[in-house]
Amino acid sequence: MTTPVQLDMHPAQSLISLTNITQSSDPHHIYKQLRHQYGPVAPVELEPGVRAWLVMGVDQLRTITEREAFFSRDARNWRDLNDGIVSPDSGLLPMMAYRPNVIGADQQEHRRLRQPLDDGIGRINHRALRRQVQYICGELIDGFSQHGRADLVADYAAFVPMLAVASLFGLDMSQGHELRSALIALFSSQTDSQVGNRSFEQILFDTLRERQQNPSADLTTALMNHPNLENDPEVLQSMVVMISAGNETTTCWISHTLYRMITDTSFDDRLRGGQLGVDDALDEVLWREPPMTHMPARYALRDIELGGQPVRHGDVLILGLSAANSDPVLAPAGRRQANNRAHMAYSAGPHMCPAQDTARVITRTAVDTALHMLPGLRLSISPDEVTWNPSPWTRCPTRLPVTFAVPYELSTASAPLRTVGDTA
């Protein structure tokens, strides 16, 4: 039997925080406990004194993502924020506060702001992108391969998507470190999140200003010229969405796949032996560790019962994408067929991730390149010593120090190719 609760319950009743879930060794064990106690919708804590509903059931997740008249993406409907329970300097706000962009919009306004993203992503030539990512991966590996050791996060996974996505927007490659640091702070929802957010937006603003003076065949220029975007702030916020989401989530996906390769002998043997294709391996990872563990957020527009819980007008609901993947509805009795892509890693409804194919091209290329160029990979710490970047939203390894056999001399890769408007 599950226990209906109110989010304004007695403060003495403690709830688990989302960050504690993402930092745990086995989030799915916690989801199982929460389901047993509360059902498919469970109360959690975002930060001290700030409560939310974690939606773990597939049916309930589809309900809140598809019924836009009942559940909004606009944080101006968040009761705790409006009532002052959430502090103006809260680390949650860079990820959860209202922004005039596609993430914070509903219905027709969302459709207007979504179209430039769809059009921009549709301009990306995936064959050219694959070649460019191969070049980036080769350059990164060439930089550390002679040492026989590396950190697969800091030296590789964190930079492959950043350099690939940045190149699509015409960003200066020398800003990679600064961009990555700003994004880690933004996604952490800790005390430095607002500083990280300001730094990130300033870099993009400077790029936008430069492109207004010198247009190019990149996504910044394409967004700048799109008729649906009415002013510079809308262009900037579209860049924020595409770059932040594209980089952080793809970094997580690459990192988790490499983590499985160096900690799960069966997974690595099947992958290296050809019994498991790279795409199937990537989907195995998506089932267990989707790039967005918990996706913020929906805001209830009326009192409603959801999953047996009394959701009140103004309550905040978090999409438990990782939790939904272990919902028995998707895999009765824990059984799941191979080559199954019915996971909820990309969310659902009108706000479903528009860049799934692009992210897969980058991730597949990064994993395949590491697979062939880094023989004999070994984690140089115990798997129990692997820690995770502090964040309620994503679960990315802080570091993956490895050793490997120094490979044969890498062949010189060709120069990176332009991927927007490239008809190669």
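We did not get these values from a lab; they are worked out from the coordinates using the rules stated. On a predicted model such as this, the values are computed, not experimentally measured, just so you know. Virtual Cβ from ideal backbone geometry, glycine too; neighbours counted across all protein chains shown.
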Completion exercise
Extend 7 Å from the Cα of Asp119 along its Cα-to-C-beta direction; within the stretch 203-219, residues with backbone N under 16 Å of that point are 216-219
Practice task
Starting from the Cα-Cα distance between Val329 and Gln33, subtract it from 0.36 nm times their residue separation and give me the gain in nm to one decimal.
Solution key: 104.9 nm
Fill in the blank from the handout: At R0 = 22 Å the Cβ-Cβ FRET efficiency linking Arg111 and Phe70, nearest 0.05, sits at 0.75
Practice task
Report, please, the projected area of the stretch 258-379 averaged over directions, based on the convex hull of its C-alpha atoms, in nm².
Solution key: 9.4 nm²
Problem - Distance between modelled label sites at Glu385 and Asp142, nm, 7 Å Cα→Cβ extension - result: 3.2 nm
Practice task
Just grab the label-to-label distance for Ser24 and Ala217, each label 7 Å out from Cα along the Cβ direction, in nm (one decimal).
Solution key: 5.1 nm
Completion exercise
Projected onto the charge dipole of the chain (unit charges on the beta-carbon of Lys, Arg, Asp and Glu, signs +1, +1, -1, -1), the Cα from Pro291, Ser347, Ala150 with the largest positive-side position is that of Ser347
Fill in the blank from the handout: Protection proxy (average C-beta count within 10 Å per residue), highest first, orders 314-324, 110-120 as 314-324, 110-120
Practice task
Compute the distance in nm between two label points, each set 7 Å from the Cα along the Cα-to-Cβ direction, one at Ala405 and one at Asp280.
Solution key: 2.5 nm
Problem - At 1.002 mPa s and 20 °C, Stokes diffusion of the stretch 19-157 via Kirkwood alpha-carbon radius, µm² per second - result: 111 µm²/s
Exercise for the section: Could you tally the net charge around Pro392, taking each other residue with its Cβ under 12 Å from the Cβ of Pro392, Lys/Arg +1 and Asp/Glu -1? Expected result: -1
Handout entry: Extreme residue, positive dipole direction of the chain, given options Trp388, Leu223, Leu374 (C-beta unit charges)
Key = Leu374
Practice task
Highest first, please rank the peptides 222-235, 40-53 by the mean number of other Cβ atoms sitting within 10 Å of their residues.
Solution key: 40-53, 222-235
Problem - Computed [θ] at 222 nm, deg cm²/dmol, the chain (DSSP H ≥ 4; -39,500 (n - 2.57); rounded to nearest 500) - result: -14500 deg cm²/dmol
Handout entry: Dipole in debye (nearest 20) - the chain, about Cα centre, beta carbon charges: Lys, Arg +1; Asp, Glu -1
Key = 720 debye
Handout entry: Cβ-based exposure ranking for Ile254, Ile141, Ile85, in which fewest neighbours within 10 Å come first
Key = Ile85, Ile141, Ile254
Completion exercise
Mean 1/r over distinct Cα pairs of the stretch 81-175, inverted to a Kirkwood Rh in Å, yields 16.9 Å
Fill in the blank from the handout: One finds the C-alpha centres of the stretch 218-238 and the stretch 62-120 to be spaced, in Å, by 19 Å
Handout entry: FRET efficiency, 1/(1 + (r/R0)^6) with R0 35 Å, evaluated for Gln356 and Arg378 via beta carbons
Key = 0.65
Exercise for the section: With an 8 Å cut-off on Cα pairs and a minimum separation of 6 or more residues, tell me the relative contact order of the chain in percent. Expected result: 28 percent
